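As structure tokens, the structure follows; a few thoughts come after it.
The values are calculated or read from the model by the stated rules, or taken from the named source; none is laboratory data. Since we're looking at a predicted model, the values are computed, not measured. For neighbour counting, all protein chains shown are included, and Cβ atoms are generated from backbone atoms with ideal geometry for every residue, glycine included. With ligands, DNA and RNA removed, areas are computed over all heavy atoms of the protein, side chains included. Shrake-Rupley method; radii C 1.70, N 1.55, O 1.52, S 1.80 Å.
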Amino acid sequence: QVQLVESGGGLVQAGGSLRLSCAASGSMFGIYTMGWYRQAPGKQRELVATITSDGNSNYADSVKGRFTISRDNVKRTVYLQMNSLEPEDTAVYFCRGTIKPTLVLPLSIYWGQGTQVTVSS
């Protein structure tokens with residue numbers, strides 16, 4: 001069974017940095033685009049950044065130049081390096097993966113449980 005487990009969230013002061021990790025576990029035929037999303041209280045979940053299996057990345061305008069997404073395909077892990085954090089970045093951050101569980105099953109979307117990031121002013 002495929003699972004995505006995030007780690008690395010916490011409390012940080014404005015201007016600080018955090019690095020989130022998301023590790024995929026279980027039996028998988030292939031892992032394709034991975035991404036980070038976030039949801040602040042009272043707001044809809046929004047895209048933060050995505051990265052394809054060959055390393056092409058995409059970012060929300062609000063995080064461009066501050067956040068960097070990367071992945072280690074051997075470790076089945078995707079990272080989000082967050083620098084120059086702002087109070088507006090406070091949210092629960094979710095990892096999302098487009099994964100083919102087996103050769104015969106179709107691509108499916110998997111989500112992690114989320115990790116809280118709080119940025120104090």
Next item on the list: State all residues of the stretch 11-23 that are surrounded by fewer than 16 Cβ atoms within 10 Å (Cβ to Cβ) and either closer than 17 Å to GLN113 by Cβ or within 14 Å of the chain's Cα centre (by Cα) (or both); if no residue qualifies, say none.
Entry: ARG19
Check: Can you pull out the residues in the stretch 58-111 that are without any contact (Cβ under 8 Å) to a residue 40 or more places away in the chain, among the β-branched types (Val, Ile, Thr) and open to solvent by less than 30 Å² (accessible area, probe 1.4 Å)?
Finding: VAL63, ILE69
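Among the residues of the stretch 26-47, which ones are among the hydroxyl-bearing types (Ser, Thr, Tyr), modelled with pLDDT of 95 or more and farther than 15 Å from GLN116 by Cβ? Talk me through it step by step, then tell me what you get.
Going residue by residue through the stretch 26-47, those that are among the hydroxyl-bearing types (Ser, Thr, Tyr) are 27, 32-33, 37.
Checking which are modelled with pLDDT of 95 or more leaves us with 32-33, 37.
Listed by number, the residues that qualify are TYR32, THR33.
Please state which one of GLY55, GLY8, GLY26 is surrounded by fewer than 18 Cβ atoms within 10 Å (Cβ to Cβ) and touching a Leu at 6+ places or on another chain (Cβ under 8 Å). First the steps, then the outcome.
On the way: GLY55 fails: touching a Leu at 6+ places or on another chain (Cβ under 8 Å); GLY26 fails: touching a Leu at 6+ places or on another chain (Cβ under 8 Å).
Of GLY55, GLY8, GLY26, the one residue that is surrounded by fewer than 18 Cβ atoms within 10 Å (Cβ to Cβ) and touching a Leu at 6+ places or on another chain (Cβ under 8 Å) is GLY8.
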Notebook entry, point to check: Since SER121 meets every condition but one in (1) free of Cβ contacts under 8 Å to residues at least 24 places away in the same chain; (2) open to solvent by 50 Å² or more (accessible area, probe 1.4 Å), which condition does it not meet?
Noted result: (1)
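May I ask you to list the residues in the stretch 41-52 that are surrounded by 14 or more Cβ atoms within 10 Å (Cβ to Cβ) and of a type outside the set (Ser, Thr, Tyr)?
Answer for the stretch 41-52, where residues must be surrounded by 14 or more Cβ atoms within 10 Å (Cβ to Cβ) and of a type outside the set (Ser, Thr, Tyr): ARG45, LEU47, VAL48, ALA49, ILE51.
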